[in-house]
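Contents: one structure, followed by commentary.
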Amino acid sequence: MTLVKQLESALATVLSDQLGEPTSATVSPATDLRFGDYQTNAAMVLAKSRKMNPRALAEQIIAAWPADGIATAEIAGPGFINFRIKAEIYSARMQQAASDDRLGLEPVADARTIVIDFSAPNVAKPMHIGHIRSTILGDSLARIASFLGHQVITDNHIGDWGTQFGMVTWAWKNILDENALLADPLAELLRLYRHASDASKADEGIREQCRAELVKLQQGDAENFAIWSRCLKLSKQGLQQIYQRLDVRFDHWLGESAYNDALAPLVEKLLEKHLARDSDGAVCIFSDASVGDPTKDPFLIRKDGEWTDFPMMIRKSDGAYNYATTDIATLQFRHDEWKADSIWYVVDHRQSSHFQQLFSVAARLDLGALDLRHIAFGTILGTDGKPLKTRAGDLPQLADVLDDAVTASRKTVNERSRLETDDERAALAELIGISAVKFTELAHHRLSDYVFDLDKMVALEGDTAPYLFYSYVRSRSIFRKLEEPFHPGAAIELVEDAELHLARLLSRFAEVVPAVLDDCRPNILTSYLLETARAFHSFFEACPVLKAEGITRHSRLTLCHVTARTLATGLELLGIPVPERM
Ligand code: ARG
């Protein structure tokens, strides 16, 4: 059980006793660590509804607080209560964590089936830096949810059925360079796409031809279908290479095209159930007025001072289906076939009205208590503060961004690394480059925009991945110098402030990891790891390990060991493997 849970349970006993009825209250980590480890405003909250004096109630709680518990309690301000965990409790926790693979984190009691929809690039268009946020965030959330004991299904819902195929097919028939396609398929497909996209912007006739190619494909034309299949296969191979480099895996790749056969019957069903209706030849879903407040109704929009319909179109007047139709079919499939309890969509914040509509449709379809989340994120900016672009003004390609990151880290590695061979240095540079991109992404609040500053990201000093690597390597290096065997799990004793502060942070691991999923924010974990690393360096400087003897020596080694395990496990949950040396 976490310390928070233990404190809450002790508090509930005291409160119920004092107030004469079953009562509980929450405990949270202290905001000011000088006054304690945890705190509660229980007295203030409860006094208010009971018209009591909060300070008097707090005093009453403290007087009844058990002396043999895990913490001492003290009153602060108008009625806050601060708890200070006893040193022997921290010692016992560290002793246990030293030989526990899960570092005290128990699997959840209510395991759910969670589908995580992330990455989802559009095939034949390049996977660009915008998809990087989704890929990295989604992968980390999947790792954390599985670690907590949920059944996680990852699905790469690639865009493999949209307008871009009309363009690529048209260009394929006109300007394909077979040799280039064999040499670098993604680059050639991108060239085709860009050519067609520019040409159709300039020429209405070409735009029509592209659209006609798409209609042919969707109606099952053999030649277009063959081109599409080949494009898809090549694109997937190219994507797979990037995922491999990022160490990202998917259980499924059910893209938009997988739902093609489900679309016509779905629209019929929605019409039958009166959830959708005809609108100028198209089929649309409108507001059902169940949301009283128009500002919260995703099917209404304010135009010229008035609320007007903002319907979700599910069949165009020419008979074509679209993104919304596929997404409803996909949701239904995940509910029916995968028995999903939750579906999390890790997608750019610009699609938020689409998801609000989609979730409202799901509610009208009576799919039971589904936890649907749009895990939105902001934009990556260049050092000029504007959305990141290449010099030519295009969206940067993910693969190029990764290469640039590795080049930048190669510089740091050459200057700072103690590794001897060039191979070792190259491998470390690759690891730091990729990890820096991941860590920077995860360390920002997902909704905020952030500046992509390679030199800062790969620096050894600062809130960076390399700083955590260095902390990990430092916590491990002591064991290489050790002559006697180390027995994790033997009794320890913590005395010094720096030891206790480090132990305090290390015992929070089991509280921090589950908290990430409350609002799907891995930055809670990155902040925690950085704070723990800082506490480790302060401890390491204040408390000699190899010069100490007896239980002090063993206690400090245990702290080093638990620090190393915590940093490595925490980083692994972010999709970042640690180096043993650097
Ligand atoms: N392919 C889409 C895009 O790049 C993202 C798809 C996200 N997933 C979903 N089920 N809509 O914008």
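The values are calculated or read from the model by the stated rules, or taken from the named source; none is laboratory data. Values in this document were obtained by computation on a predicted structure and should not be read as measured data. Positions of Cβ are generated from backbone atoms using ideal geometry, with glycine treated the same way; all protein chains shown enter the neighbour counts.
Take the conditions in a helix (DSSP H, G or I) and among the aliphatic types (A, V, I, L, M) and apply them to Leu468. Does it pass? Yes; evaluated as a whole, the condition is true for this residue. Only residues that are of a type outside the set (Asp, Glu) and part of a loop (DSSP other than H, G, I, E, B) were counted across the stretch 85-105, and they come to 7. The set of residues from the stretch 459-518 being under 22 Å from Ala92 (Cα atoms), under 33 Å from the mean Cα position of the chain (by Cα) and among the acidic types (Asp, Glu) comprises Glu499, Glu511. Looking at the stretch 157-174, can you tell me whether even one residue there is of a type in the set (Ser, Thr, Tyr) and closer than 26 Å to His374 by Cα? Within the stretch 157-174, one or more residues are of a type in the set (Ser, Thr, Tyr) and closer than 26 Å to His374 by Cα. For the stretch 151-169, residues that are closer than 26 Å to Gln219 by Cα, within 10 Å of the ligand (Cβ to nearest atom) and outside any loop (DSSP other than H, G, I, E, B) total 1. One residue alone among Arg84, Arg34, Arg102 is in contact with a Gly (Cβ under 7 Å, 6 or more places away or on another chain) and charged (D, E, K, R), and that residue is Arg84. Could you tell me whether the stretch 347-359 includes any residue that is touching a residue at least 60 places away in the same chain (Cβ under 8 Å), of a type in the set (A, V, I, L, M), over 30 Å from Gly281 (Cβ atoms) and within 13 Å of the ligand (Cβ to nearest atom)? No, the conditions are met nowhere in the stretch 347-359. Are any of the residues in the stretch 171-191 under 24 Å from Asp327 (Cα atoms), surrounded by fewer than 16 Cβ atoms within 10 Å (Cβ to Cβ) and at pLDDT 95 or above? Checking the stretch 171-191: not a single residue is under 24 Å from Asp327 (Cα atoms), surrounded by fewer than 16 Cβ atoms within 10 Å (Cβ to Cβ) and at pLDDT 95 or above. Would you confirm whether or not the stretch 117-131 contains a residue that is more than 30 Å from Thr440 (Cβ to Cβ) and under 35 Å from the mean Cα position of the chain (by Cα)? No, the stretch 117-131 has no match at all.
Residues in the stretch 525-563 that are crowded, with 22+ Cβ neighbours inside 10 Å and among the polar types (S, T, N, Q): Thr526, Thr532, Ser555, Thr558, Thr563.
When the stretch 241-272 is filtered for residues that are of a type in the set (D, E, K, R), touching a residue at least 40 places away in the same chain (Cβ under 8 Å) and farther than 19 Å from Gln164 by Cβ, the ones remaining, listed by number, are Arg245, Asp247, Arg249, Asp251. Among residues of the stretch 106-134 being in a loop (DSSP other than H, G, I, E, B) and either basic (Lys, Arg) or more than 15 Å from the ligand (Cβ to nearest atom) (or both), the one that is nearest to Tyr193 (Cα to Cα) is Lys125. Residues in the stretch 301-330 that are within 16 Å of the ligand (Cβ to nearest atom) and free of Cβ contacts under 8 Å to residues at least 40 places away in the same chain were compared, and the one that is nearest to Trp161 (Cα to Cα) is Asn322.
Of these, Glu493, Glu499, Glu461, which one is buried (at least 20 other Cβ atoms within 10 Å of the Cβ) and of a type outside the set (A, V, I, L, M, F, W, C)?
Glu499
Pairs linking a residue in the stretch 107-127 that is more than 15 Å from Asn156 (Cβ to Cβ) and touching a residue at least 24 places away in the same chain (Cβ under 8 Å) to a residue that is within 9 Å of the ligand (Cβ to nearest atom) and outside any strand (DSSP E or B), with Cβ atoms under 6 Å and 6 or more positions apart or on different chains, do not occur. Out of all the residues in the stretch 276-297, is one or more within 16 Å of the ligand (Cβ to nearest atom) and of a type in the set (S, T, N, Q)? No, the stretch 276-297 has no match at all.
Kindly check whether there is at least one residue in the stretch 380-402 that is within 13 Å of the ligand (Cβ to nearest atom) and without any contact (Cβ under 8 Å) to a residue 60 or more places away in the chain. Give the derivation first.
From the stretch 380-402, those within 13 Å of the ligand (Cβ to nearest atom) are 395, 398; that's our starting set.
Subsequent filtering for residues that are without any contact (Cβ under 8 Å) to a residue 60 or more places away in the chain retains none.
Among the residues of the stretch 380-402, not one is within 13 Å of the ligand (Cβ to nearest atom) and without any contact (Cβ under 8 Å) to a residue 60 or more places away in the chain, which makes the answer no.
For the stretch 332-346, the set of residues classified as touching a residue at least 40 places away in the same chain (Cβ under 8 Å) and either on the phi < 0 side of the Ramachandran plot or within 15 Å of the ligand (Cβ to nearest atom) (or both) consists of Gln332, Phe333, Arg334, Trp338, Ala340, Asp341, Ser342, Ile343, Trp344, Tyr345, Val346, listed by residue number. Among what's in the stretch 370-402 and is of a type in the set (D, E, K, R) and either closer than 30 Å to Ile114 by Cα or modelled with pLDDT of 95 or more (or both), pick the residue that is nearest to the chain's Cα centre (by Cα). Across the stretch 370-402, the extreme among qualifying residues is Arg373. If only residues of the stretch 20-66 that are loosely packed, with under 14 Cβ neighbours inside 10 Å and closer than 23 Å to Asp497 by Cβ are counted, the one that is modelled with the highest pLDDT is Ser28. Of all residues in the stretch 160-207, those being more than 21 Å from Asn122 (Cα to Cα) and not small (Gly, Ala, Ser) number 8.
Please find, among Leu57, Leu148, Leu137, the residue that is out of contact with any Ser or Thr (no Cβ under 9 Å at 6 or more places or on another chain) and within 16 Å of the ligand (Cβ to nearest atom).
Sole residue among the options that is out of contact with any Ser or Thr (no Cβ under 9 Å at 6 or more places or on another chain) and within 16 Å of the ligand (Cβ to nearest atom): Leu137.
Suppose we keep only residues that are part of a helix (DSSP H, G or I) and among the hydrophobic types (A, V, I, L, M, F, W, C) within the stretch 250-272. Which one would you say is nearest to the ligand (Cβ to nearest atom)? Even if it seems obvious, please write down each step before you answer.
First, the residues of the stretch 250-272 that are part of a helix (DSSP H, G or I): 256-272.
Next, only the ones that are among the hydrophobic types (A, V, I, L, M, F, W, C) stay: 258, 262-264, 266-267, 270-271.
On the way: Ala258: 12, Ala262: 14, Leu263: 14, Ala264: 20, Leu266: 15, Val267: 18, Leu270: 18, Leu271: 23 Å.
Taking the candidates together, the pick is Ala258.
Of all residues in the stretch 429-481, exactly one satisfies the criterion of being of a type in the set (A, V, I, L, M) and touching a His at 6+ places or on another chain (Cβ under 7 Å), namely Leu447.
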